[in-house]
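The values are calculated or read from the model by the stated rules, or taken from the named source; none is laboratory data. It should be emphasised that the depicted structure is a prediction, and the values quoted were computed from it without experimental measurement. In this analysis, Cβ positions are derived from the backbone assuming ideal geometry, glycine residues included, and neighbour counts consider all displayed protein chains. These area figures cover heavy atoms from the full protein model, side chains too; ligands, DNA and RNA do not enter into them. Shrake-Rupley method; radii C 1.70, N 1.55, O 1.52, S 1.80 Å.
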Amino acid sequence: MYGDGTGSGTSISSVHFALLITCSLLTGLGANAGVTAAVNTVAKSFPESARATTTGLVLSSLGLSAFCFSTIAQIFFPGDTSALLLLLSLATSIPPLLAVFIVRPVPLPPIGPGPEGDQTRHYERIPNGEVVPFIADCSASVEEDDRPLEIGYAGGPLRPDILLDIHGKMLFRALDFYLLFTITLLCIMYINNVGAISRALIAKSNPKYDETEASKQQVAQVSTLSIGNFAGRILIGLSSDFSHSYFRLPRGYYLCFVSLLFILSQTFAIGVSDISTLRMATAILGLAYGSLIGTLPVIIIDWFGLAHLSENMGYVCLALLVGGNFFSIIFGRNLDAHVPREDTNMFLGVTRATNAVSVAAMRDILSERQCLLGRECYVSSLKVTLVACMAALALSAWAALRDEDRKRLRKGMVDGYDEGVSI
């Protein structure tokens, strides 16, 4: 359908348009279902001490996909979008179909009996003395309660033999869910609009605008973003597991680190006025976005439990949809406001702004409604997202403090339970 284009007409039919929408919807559903299933399987197959690393490794392949496919397209079929779409459809659908038949969670072996010879459940001994039952051995249910839910409260006093399991209506009564959702929502925009930013900078700095060269620069930015995304998902997993296992640092503190990376990327991007220096901002942004996605699964497990990871992760990741569209609309409206009109005064003003580009070349660019003012096309949008990232940092600090309080609360409950058992 893409190869046929509009045929002899000037636009596609309503049927084709509806089919494109349906295919896009199915693509999104399939992609998220595959990623969530993979993360869930890995999370249930590895102990807590390696969970962030293993889920980060799985998610890192998703972060690197844009770089791999764009590189393949440039080497084997440059300019052939139909061939790229065919490759994407086959390469992203065949592996999940095979995985249905061969991928299964690997049950974790029991570490030892419960306290004081309790043989009814198996427990894993955590370095700080906290006793946590394995999810496969826990069948305890949580009674409904009408009061607002605090993480650590599960319808009654928390005992170490009752596993944290917050989902469904309980999730939407948990303050920490809204904190995590809002932090995720506030840190998205630049990643969806890096192509438009690079085009604006190229149009400003190059009197002879070349669409082919502009496309190459866009591919380079996407590749840089993809590599940073890949690295961020791996590094955040390794560092999170290390600090959590050896220093007992709550994982909520990594939300502060991620927010700082986003602030750094937005600050750097605001100061960029030439395409040659944009790549550094893009790399930092990719690292920040990868760190955010890499740390979400383990935080969701720590705060809400492992039993309903796929469900809870789906709800939290809706923030990417909301935030991505909201900030992209802001970016698009600001960009459109700086697109030159084809009246004489605006045309002359833009010509002066672009160092007297030839009238013929300028009209070609104007026909594509391309902003020619460089960083002025988008810098106001980045200032908005910079403020949003600062708000995310404040919320992350609050979430980290709540995580620290929750850790002390659980440790106190475990100690009290152990003393009661020994008596």
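Quick one: length gained pulling Ser11 to Phe76 fully straight, 0.36 nm per residue minus the C-alpha distance?
On the way: separation 65, 0.36 × 65 = 23.40 nm, distance 2.96 nm.
Difference between extended and current length: 20.4 nm.
What order do Asp210, Asp302 take when sorted by accessible area (1.4 Å probe), most exposed first?
Numbers: Asp210 75, Asp302 30 Å².
The ranking, largest first, comes out as Asp210, Asp302.
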Hits among lysines - C-alpha to C-alpha of Lys169 under 25 Å, sequence gap 8 or more where chains match | Lys44, Lys407
Mean Cβ count within 10 Å, highest first, over the residues of peptides 234-241, 165-172, 292-299, 258-265 = 292-299, 258-265, 234-241, 165-172
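Which order, highest average first, do 22-31, 212-221, 305-314 follow once you tally other Cβ atoms within 10 Å for each residue and take the mean per peptide? Let's see the in-between values first.
On the way: 22-31: 11.4, 212-221: 17.2, 305-314: 19.6.
In decreasing order of mean packing, 22-31, 212-221, 305-314 become 305-314, 212-221, 22-31.
What whole-number value in Å² describes the accessible area per residue of segment 185-293 for a 1.4 Å probe? The partial results should precede the final answer.
Numbers: 4100 Å² over 109 residues.
Heavy-atom SASA per residue in segment 185-293 reads 38 Å².
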Taking the Cβ of Phe331 as the centre, find all other residues whose Cβ is under 14 Å away and add up their charges (Lys, Arg: +1; Asp, Glu: -1).
-> +2
What are the ³J(HN,Hα) values, in whole Hz, obtained from phi via the Karplus relation 6.51 cos²θ - 1.76 cosθ + 1.60 with θ = phi - 60°, for each residue of segment 241-247 in sequence order, with x given for Gly and Pro?
-> 5, 5, 5, 6, 7, 9, 10
